[in-house]
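Colleague: Structure incoming, see below.
The values are calculated or read from the model by the stated rules, or taken from the named source; none is laboratory data. These numbers come from a predicted model, not from an experiment. Cβ placement follows ideal geometry from the backbone for every residue including glycine, while neighbour counts extend to all protein chains displayed.
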Amino acid sequence: MLAFLGTAFFDAVRDHHFMQYALLAGVLASVSCGVVGSFVVIRRISYIAGGIAHTTLAGLGVVHYLQVVHGFTAISPMGGAVIAALLAAAIIGWVSLHLKQREDTVIGAVWAMGMAIGVVFISLTPGYTTDLMSYLFGNILMVSSTDLWLIAALDVLVLVVVALFHKQLLAVCFDSEFAALQGVHINRFYFLLLGLTALTVVLLVSVVGIILVIALLTLPAAMANLFARRLWQMMAIATLICASLTTSGLALSYAPDLPAGAVTILLTGSAFFVTALLRRR
Amino acid sequence: MTTETKTATSIIACHDLAFGYENKPLLQKVNIAIPQGDFVCVVGPNGSGKTTLLKLALGLLQPTSGQIEVFGKAPRHARGRIGYVPQHPRLDPLFPVSALDVTLMGRLGRAPSLLSWRGKDQERARQALDEVGLGDRMDHHFAALSGGQKQRVLIARALAGDPELLLLDEPTAGLDAHVEEGFYRLLEELNKRLTIVLVSHDLGFVSGFVKSVICVGRDVLVHPTSEITGEIIADLYGSDMRLVRHDHRCSEEGHQC
C-alpha cells in the first residue's frame, strides 16, 4: 500500500511541474514555519496567529474580486493576503498592548470580521466559488511559480530579520520587563514579532489553507520544544519536522486524491499527540 | 570598577516621595537616602508597597508626587548602572534557553543591537555565572535547574551588565533554608563592591550582613540593623508576627520570639 502510494507520488513529482512546485512550496514554507512558529509557541501568541490567519481571507477575497470584476492585476491575491495579515497584526498588536483585559474579545472580533469581508467579496465575484474552499483549506497543487518566488522572498526576509534581532526577540519573549530595563524597545519588538507571524501565516495559507494554518505553525514548534534546550535547536528541529510533514502530507494524499492540506494537518496533529505522550514523564 | 573617588552621596535618594494607584495612596512622604556600599533590606507586610518602591527606583513607575533619584539622576537614566533581579518569574518549564542564554540577556544594554553576541559579552556572562557558582552549569537547560540555581542565574544576569547597584525583589521566596543561607553569603560577597537593596517579606534578613533596614508600613522608615527592636517589627506587622530570631533583641511585649 505505502509502496504504491510512494511510487505514484514519485512518478507524479517526476512528471508534473505542479507536483514539484507543491513539494518546493512545502519545504520553503517550513523554514519560516520552524523559525517563527518557535517564537509563537514560546511567546504564547497562537490565538493571535489564528486571528491573523483568518483575516487573510479579506485580502484574498478583495484582490480576487478586483481581478475578476475590474481586471486589476497590480497585486496577486497572495499579495492581498500579505496586506490583510500585516494590517490585522497591527490592529491586534495595538489592542493587546493598550486594552489588555479585553484582548481576546477584540482578537475574536478582528478574526470574524476579516473572514466576513472575505466571504462578502467572494460572493460578489461572479463565477465558481470553489476558490473559497481552496483559500480555506489550501490547495498546494495550485501553487504557481510566482507564488514560489513570493514564498522564497518572504523566507529570506524572515530569516534576515530574525538573524539581526534574535537577541532582543528572545529576551522579550523570556522576560519583557527585564528587556525593557536593558533599553530594548519591547513594544517595537512585539510588533515586529507579530509582523513576522503575519508573513509566515501567509506562506502557510498557500500550503494548508487559512483554517488549518494554526496547527502547522504551532505544532511542529511545540514538538521541537520537547527535544530542544535552546532556541536555535528548537527552530532547526521544527523546520525539519514541518518539512517532513508537508512532504508526507503531499505524498500520502496524492494517489487517493485526498486534500493535501487536510492530510498534512491530520499527520501533524497525530505526530504531536504521539510525541507528547511519549515524552511525558 | 571605576577608580574615581566618589563623595559620600546617596545612591538612591527619595524626597517626599508619594505613590498611589488611582485614589488609593500606597506610599506617602518617603524620605530615605541609601549610601554607597550599603546593604539594605526592605521589609513590610504584603501589599505595603515594597515592590512598588523598587519599581519606582527602576523608573518602571512614576511617583505621584515628590522625587526619587538614583545616582543623582531620574531613575530611567540610571538603568545602565542598576542590576535588577526580579521576583522568580512564572516560567514556562519548556522555555528553550540555557543558563548562559539567560545570563547574556543582562548584556543587552551594552552589546551592539544587531546580530549575535560578541566574544566579550560571552566572556562577561561566563564570569558572572562563575561568580554565582554556576560556572559548570552554563549549558544546562535553565528550566531544569533547581529554584536556588535559577535565582543565582538571575543574579548572574544582573551582574553581567556590570551594575553598581543591585536591586533584588523577594529573591529567597520559595527557597529552602540552607539554600537561602548560601544565597545570603553570595550577596555578602557581592556587597564588597556593590550597593545592595533587597526586598523581603520575611524577616530572615537580620542576619549579620544586612546593614540597614527600611520598614515599609504606614510610614517608611530607615533603621540601622542594630536598632531593630521587636517593637518596631511588631508595630510594622501587628502583634501576631512570628519572627526568625537572629541578632536583635525582642521587647517583652508585642510578639513572641
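Colleague: Taking the condition buried (at least 17 other Cβ atoms within 10 Å of the Cβ) and away from chain A (no Cβ under 14 Å), does B:Arg157 pass?
Modeller: Judged against the criteria, B:Arg157 is not a match.
Colleague: Could you check, for region B:77-94, whether at least one of its residues is acidic (Asp, Glu), at pLDDT below 80 and under 24 Å from the mean Cα position of the chain (by Cα)? Full working, then the answer.
Modeller: The initial filter retains those residues of region B:77-94 that are acidic (Asp, Glu), namely B:92.
Among the residues that remain, those that are also at pLDDT below 80 are: B:92.
Next cut, under 24 Å from the mean Cα position of the chain (by Cα) only: B:92.
Within region B:77-94, one or more residues are acidic (Asp, Glu), at pLDDT below 80 and under 24 Å from the mean Cα position of the chain (by Cα).
Colleague: Still on this structure: Within region A:206-255, take every residue that is of a type in the set (Val, Ile, Thr) and more than 13 Å from A:Ala22 (Cα to Cα) and give me the one that is nearest to the other protein chains (Cβ to nearest Cβ).
Modeller: Here the answer is A:Ile237.
Colleague: Can you go through B:Leu190, B:Leu167 and tell me which one is in contact with a Phe, Trp or Tyr (Cβ under 8 Å, 6 or more places away or on another chain) and either among the aliphatic types (A, V, I, L, M) or without any contact (Cβ under 8 Å) to a residue 12 or more places away in the chain (or both)?
Modeller: One residue alone meets the criteria, B:Leu167.
Colleague: Report, by residue number, each residue of region A:234-275 that is surrounded by fewer than 16 Cβ atoms within 10 Å (Cβ to Cβ) and in a helix (DSSP H, G or I).
Modeller: Across region A:234-275, the qualifying residues are A:Leu240, A:Gly269, A:Ser270, A:Phe273, A:Val274.
Colleague: Here's a follow-up. Taking B:Val199 as meeting all but one of (1) without any contact (Cβ under 8 Å) to a residue 60 or more places away in the chain; (2) crowded, with 19+ Cβ neighbours inside 10 Å; (3) under 15 Å from B:Gln87 (Cα atoms), write down the number of the exception.
Modeller: (1)
Colleague: Which residue is farthest from the chain's Cα centre (by Cα), if the candidates are limited to region B:57-76 and must be more than 8 Å from chain A (Cβ to nearest Cβ) and part of a loop (DSSP other than H, G, I, E, B)?
Modeller: B:Thr64
Colleague: Also, I was wondering about something else. Considering A:Ser145, A:Ser96, which residue is among the hydroxyl-bearing types (Ser, Thr, Tyr), closer than 30 Å to B:Arg107 by Cβ and modelled with pLDDT under 90? Let's see the steps before the verdict.
Modeller: Numbers: A:Ser145 fails: closer than 30 Å to B:Arg107 by Cβ.
Answer to the check: A:Ser96.
Colleague: Is there a residue being among the small types (Gly, Ala, Ser) and over 19 Å from A:Trp232 (Cβ atoms) anywhere in region B:129-137?
Modeller: Checked region B:129-137: at least one residue is among the small types (Gly, Ala, Ser) and over 19 Å from A:Trp232 (Cβ atoms).
Colleague: A follow-up question, please. From B:Gly106, B:Gly133, grab the single residue that is part of a loop (DSSP other than H, G, I, E, B) and in the same structural domain as B:Gln151 (by TED's automatic domain parsing).
Modeller: From the options B:Gly106, B:Gly133, the qualifying one is B:Gly133.
Colleague: Something else now. If you go through region B:115-129 one residue at a time, do you hit one that is in a helix (DSSP H, G or I), within 23 Å of B:Leu54 (Cβ to Cβ) and in contact with a helix residue (DSSP H, G or I) (Cβ under 6 Å, 6 or more places away or on another chain)?
Modeller: yes
Colleague: Now for a different question. Could you tell me how many of the residues in region B:77-106 are buried (at least 19 other Cβ atoms within 10 Å of the Cβ) and more than 8 Å from chain A (Cβ to nearest Cβ)?
Modeller: 6
Colleague: For region A:138-167: of the residues being out of contact with any Lys or Arg (no Cβ under 9 Å at 6 or more places or on another chain) and within 8 Å of chain B (Cβ to nearest Cβ), which is surrounded by the fewest Cβ atoms within 10 Å (Cβ to Cβ)?
Modeller: My answer is A:Ala163.
Colleague: Any residue at all in region B:58-74 that's over 16 Å from B:Asp16 (Cβ atoms), modelled with pLDDT under 80 and of a type in the set (D, E, K, R)?
Modeller: Among the residues of region B:58-74, not one is over 16 Å from B:Asp16 (Cβ atoms), modelled with pLDDT under 80 and of a type in the set (D, E, K, R), which makes the answer no.
Colleague: Can you tell me which residues in region A:176-208 are surrounded by fewer than 23 Cβ atoms within 10 Å (Cβ to Cβ) and either touching a Pro at 6+ places or on another chain (Cβ under 8 Å) or on the phi > 0 side of the Ramachandran plot (or both)?
Modeller: A:Glu177, A:Gly183
Colleague: Now, a different point. Quick one: would you say A:Ser46 is in contact (Cβ under 8 Å) with a residue 12 or more places away in the chain, surrounded by 15 or more Cβ atoms within 10 Å (Cβ to Cβ), within 14 Å of chain B (Cβ to nearest Cβ) and not β-branched (Val, Ile, Thr)?
Modeller: Criteria met by A:Ser46.
Colleague: Let me ask something else about it. Among the candidates A:Ser96, A:Ser76, single out the residue that is over 21 Å from A:Tyr135 (Cβ atoms), touching a residue at least 40 places away in the same chain (Cβ under 8 Å) and either in contact with a strand residue (DSSP E or B) (Cβ under 9 Å, 6 or more places away or on another chain) or hydroxyl-bearing (Ser, Thr, Tyr) (or both).
Modeller: Of A:Ser96, A:Ser76, the one residue that is over 21 Å from A:Tyr135 (Cβ atoms), touching a residue at least 40 places away in the same chain (Cβ under 8 Å) and either in contact with a strand residue (DSSP E or B) (Cβ under 9 Å, 6 or more places away or on another chain) or hydroxyl-bearing (Ser, Thr, Tyr) (or both) is A:Ser96.
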